[in-house]
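Worksheet: one structure, shown below.
Values in this text are rule-based calculations from the coordinates and carry no lab data. Note that this is a predicted model, so its numbers are computed, not measured. Note that we place each Cβ from the backbone using ideal geometry, even for glycine, and neighbour counts take in every protein chain shown.
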Amino acid sequence: SPASSPPPQTPSKSPPSQEPAHAASRRPRRREPAMAEEELADAPRVVGILSALLERVVERNDAVADELTTARAEPASAASLAPASAFRATARPDISVRAYMARIARFAGCSPSCYVVAYVYLDRLLRRGRRGRGALTVDSYSVHRLLITAVLAAVKFMDDVCYNNAYFARVGGISLPEMNYLEVDFLFGVGFDLNVSPETFGHYCAVLQAEMLCLELETMTPSPIPAAAGPRLHSCCLSEDDGATTGSSSGSQQQLAA
């Protein structure tokens, strides 16, 4: 099986360090943004766009969780307010979403389409969770594990050649048993629905393209763009069978909206 077989090819780059990704905080953090930007510059453009979109989602959901924590009579952490999940860390990882995506792009060696498909899978996981499997929020506690697992699933489904779970565990800074467990939990979470139709792929590409245009406008405009001026991705892209349920899926925390 892909999870137990050795990597089918020798990495073109040095394999990632055994050091967990979250251990990057032990080095001077002021260099992380610059290093991440350099690595993202060499990565497919979709990597930077997806990381920017997820950063907005994480910031928004973290802010909502902080408000809920403040409103409680008894002190509680944001992690304790969320449903238990294998994807939720007990503490916020110190590595940023952008730096984590840059690490994945540097070492995973997957095709650009895999990142779009990973975005589709994340959306499906969250939609199924809202339908009763157990709500899962994309925040700073969960985004890293969700990302590495979604990319792993997309690579195995889309690419002819891919690295095994042990390699991806090293890329993600987690143990192999945890990587295996997250993969199984993720597959059950999406109902083993891994096929992506050309129409659905095009819809999600359009969302990422709108995000790209929004980012370009922000860099060209000295003052922040009003929310109504740029693309407002208040709902996830629709998969083939979700068109009838758009109006009923709303909550206090945005999922993959940006």
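Exposure proxy for Met220, Met179, Met212, Met101: other Cβ atoms within 10 Å of each Cβ, ordered fewest to most, give Met220, Met212, Met179, Met101.
Model label sites at Glu67 and Glu216, defined 7 Å from Cα along the beta-carbon direction, differ in position by 3.3 nm. Computed extension gain for Ala206 through Ala86, at 0.36 nm per residue and net of the alpha carbon distance, reaches 40.1 nm.
Counting neighbouring beta carbons within 10 Å and listing from fewest to most, the residues Leu125, Leu152, Leu147 come out as Leu147, Leu125, Leu152. Among 61-67, 118-124, sorting by the average number of other beta carbon atoms lying within 10 angstrom of each residue, highest first, gives 118-124, 61-67.
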